[in-house]
2 protein chains.
Amino acid sequence: MKIVFLGAGNVAEAMAVACQERGFLIEQVYSRTMESAASLAKKVAAEAIVDLSCLSRDADVYLCALKDAVLERVLVAVPDFGTGLWLHTSGSMPMSVFEPYTKRHGVFYPLQTFSKGCPYDFSTIPLCVEASDASTMTCLKEWAARWTKVVVEMDSSTRRYLHLAAVFACNFPNYLYGVAADLLQQKGLPFDLLLPLIDETARKVHEKSPHEAQTGPAVRMDKNIIDKHLDLLAARPDMAQLYVLLSQGIYKRHSGVE
Amino acid sequence: MKIVFLGAGNVAEAMAVACQERGFLIEQVYSRTMESAASLAKKVAAEAIVDLSCLSRDADVYLCALKDAVLERVLVAVPDFGTGLWLHTSGSMPMSVFEPYTKRHGVFYPLQTFSKGCPYDFSTIPLCVEASDASTMTCLKEWAARWTKVVVEMDSSTRRYLHLAAVFACNFPNYLYGVAADLLQQKGLPFDLLLPLIDETARKVHEKSPHEAQTGPAVRMDKNIIDKHLDLLAARPDMAQLYVLLSQGIYKRHSGVE
């Protein structure tokens, strides 16, 4: 099993490390700059390339872990797609982006947030797969099963919703952790104080639906507390606007006004 | 150590169970309705009362785990405060709410989200304490140390900020998990798919600051993805407004525009 990685960012790094752990050989890492290609290639004992005309022709899998806008620019510049399976890892790009270039292709979308230098247990990360044809799907599902216990067949249009849901479940909550951190910093309090609360909030939705798990002043629109909070945010109209919008959302969802 | 609980909601239940685990005797549970008083009293082998004139006079601690608006109504109706230590568990009520009624008083605010029927390991939950005088503070800190490893002395004005930060770190992220759940349900996808992502988002801020941990299309204001997401939200202007506001917040925080 020989793999070529196109891309050397957070997603590529996490997936390349997972490949190594599974004994797949990474032949090459392509990136636009030699610095980033070499940095990842070194970690996984692969060749670093920056010139697409140097792409290996005989890899089994070409895994494109590139930003959406970059993916299209790279594909158009590939001189020879060979006979390998071309995959991308994007939540929002349709599979059809490969159609003009190569017959055997698909999507291999890991539903996770990846940061450099973090360890990942891929065996529990959902992998959403899509393939150009039935025999490719069979291959892809077999391969995906070597990565994780959670393989989900999903078409491009459904995957876009999942990607949007992931933004609401990950990127936005993380931003709100940051707002909380900024508020504590103003008072000289350490962010660590909030960690048991953040952990429990995430843990609880393993057992209850988010709707059942909801607590806080907005559930019953407790004006007494909400007005005090808005007073504290008087100097931060952006945070106050967010506070009001989220509180209204919680209240509507719980009072059944929606 | 004899304790009287005033209140029988989520916070009271979690704290009463923690008292039992620590071998403190719960003498009475007061609530406005016999149903809720009896329900908690039965769990912790206490007497249920609904009439404040039946309050025990010789308890060591009176722990008020009541909604803010209810706390003031209850205090004004207590006929005799005795010599015990009166505490409330609220993030947003000042300690001074007790001043007209009793000399020895304080605050015992656990920074956690409590739901009925969930087990809690109190030993890792921060307890923010405040006391009417130095000798009461000494007692209170000793007692708090039997609950948790994390005892933090905090005045009422600082505690209000912590409570506000907790709303941003817990209530609002949980609401966004719910928005994600609703989006998945539209496409017949199970919410469980998001759990590894939610867990990792919470785990990551143990290691990195939320700012460093931020991922997603808004960090670099990726118009390509953001416009696709807003298309998917065309039928939900409330969600689209939230999406735009949160994305702008992330972008501003990361581009240093603020």
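The values are calculated or read from the model by the stated rules, or taken from the named source; none is laboratory data. In this text the structure is predicted, and so the values were computed from the model without any measurement. Because the Cβ atoms are built from the backbone with ideal geometry, glycine has one as well, and the counts that use them run over all protein chains shown. The protein model used for the area step is the full one, side chains on, heavy atoms only, and it has no ligands, DNA or RNA in it. Shrake-Rupley method; radii C 1.70, N 1.55, O 1.52, S 1.80 Å.
Values for this structure:
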item	result
Position residue B:53, label points 7 Å along Cα→Cβ, spacing to each other copy in nm (shortest first, one decimal)	9.9
Exposure rank, largest accessible area first [A:251, A:30; 1.4 Å]	A:251, A:30
Charge-dipole axis of chain A as Lys and Arg at +1 and Asp and Glu at -1 on Cβ define it, positive-most pick from A:46, A:26, A:173	A:173
Whether segment B:166-212 is rounded, prolate or oblate, judged on the alpha carbon gyration tensor where a/c under 1.5 counts as rounded	oblate
Sequence-separation-based contact order of segment B:15-68, relative, with Cα cut under 8 Å and 6+ spacing, percent	30 percent
Solvent-accessible ranking of A:67, A:149, largest area first, probe 1.4 Å	A:149, A:67
Test item: A:139-146 mean partner chain Cβ contacts at 10 Å	0
Interchain or long-range residues, amide H under 5 Å from residue B:153's placed H	B:129
For segment B:183-254, the Rg and Dmax computed from alpha carbons only, in angstrom	13.8, 38
Two-site label geometry, residue B:116 and residue A:50: point separation in nm, points 7 Å out along Cα→Cβ	6.4 nm
Exposure of residue A:221 as accessible area (Å², to 10), given a probe of 1.4 Å and all protein chains	60 Å²
Beta bridges by DSSP in segment A:58-146, antiparallel share as percent, to the nearest 5	40 percent
Cα gyration tensor, segment B:117-171 - rounded (a/c under 1.5), prolate or oblate	oblate
Loop-resident sites, segment A:6-50, for trypsin sites (Lys or Arg not before Pro), counting at most 13 other Cβ within 10 Å (DSSP)	A:22
Mean Cα-pair separation over length for chain A, i.e. relative contact order, pairs under 8 Å, 6 or more apart, %	12 percent
Efficiency of FRET between residue B:22 and residue A:206 - r from beta-carbon atoms, R0 25 angstrom, step 0.05	0.40
DSSP bridge pairs, chain B: antiparallel proportion in percent, nearest 5	20 percent
Solvent-accessible area buried by pairing B with A, both sides, nearest 100 square angstrom, 1.4 angstrom probe	8800 Å²
Value of Rg/Rh across segment A:115-258 [Cα atoms, Kirkwood radius]	1.08
Using alpha-carbon coordinates, inclination of helix B:156-166 to the longest axis of chain B, degrees	40 degrees
Charge dipole of the protein assembly as shown about the Cα centre (unit charges at C-beta), most positive-ward option of A:145, B:138, A:132	A:132
Computed [θ] at 222 nm, helices only, for the protein assembly as shown once each DSSP H run of length n ≥ 4 contributes -39500 (n - 2.57)	-13500 deg cm²/dmol
Principal axis dimensions, chain A - Cα atoms, whole angstrom, descending	68, 39, 31
Total charge dipole magnitude, segment A:34-97, about the Cα centre, Cβ charges on Lys, Arg, Asp, Glu only, Debye to nearest 20	160 debye
Largest-first ellipsoid semi-axes for the protein assembly as shown, taking √(5λ) over the Cα gyration tensor eigenvalues, angstrom	52, 21, 21
Convex hull (Cα only) mean projected area of segment A:66-123, reported in nm² to one decimal	5.0 nm²
Using a 7 Å Cα-to-Cβ projection, residue A:139 label spacings across copies, nm, ascending	7.6
Within the protein assembly as shown: Cβ-based charge dipole about Cα centre, in debye rounded to nearest 20 (Lys, Arg +1; Asp, Glu -1)	120 debye
Other protein chain Cβ atoms within 10 Å, averaged over every residue that makes up B:226-234	3
Computed label-point distance, nm, for sites residue B:42 and residue A:255 using a 7 Å Cα→Cβ extension	3.3 nm
Other copies of residue A:101: label-to-label distances in nm, shortest first, labels 7 Å along the beta-carbon direction	7.1
Debye, to nearest 20: dipole size of segment A:129-180, +1 on Lys, Arg Cβ, -1 on Asp, Glu Cβ	200 debye
Cα-based helix-to-principal-axis angle, B:237-255 vs chain B, degrees rounded to 10	90 degrees
With all protein chains modelled, accessible area of residue A:99 [1.4 Å, Å²]	130 Å²
Two-decimal Rg to Rh for segment B:1-84 - Kirkwood Rh, Cα set	0.92
Exposure of residue A:39 as accessible area (Å², to 10), given a probe of 1.4 Å and all protein chains	60 Å²
Lys/Arg +1, Asp/Glu -1 at C-beta; the protein assembly as shown dipole; positive extreme among A:216, B:61, B:108	A:216
Evaluated at q = 0.16, 0.18 Å⁻¹: base-10 log I(q)/I(0), Debye formula over Cα of segment B:28-128	-0.76, -0.98
Solvent-accessible heavy-atom area per residue, rounded to whole Å², over segment B:4-65 at 1.4 Å	41 Å²
Between helix A:10-21 and chain A: long-axis angle, C-alpha atoms, 0 to 90°, nearest 10	60 degrees
Calculated FRET value between residue B:219 and residue A:192, using beta carbons and R₀ = 30 Å, to 0.05	0.80
Antiparallel %, DSSP beta bridges [both residues in the protein assembly as shown], to 5	20 percent
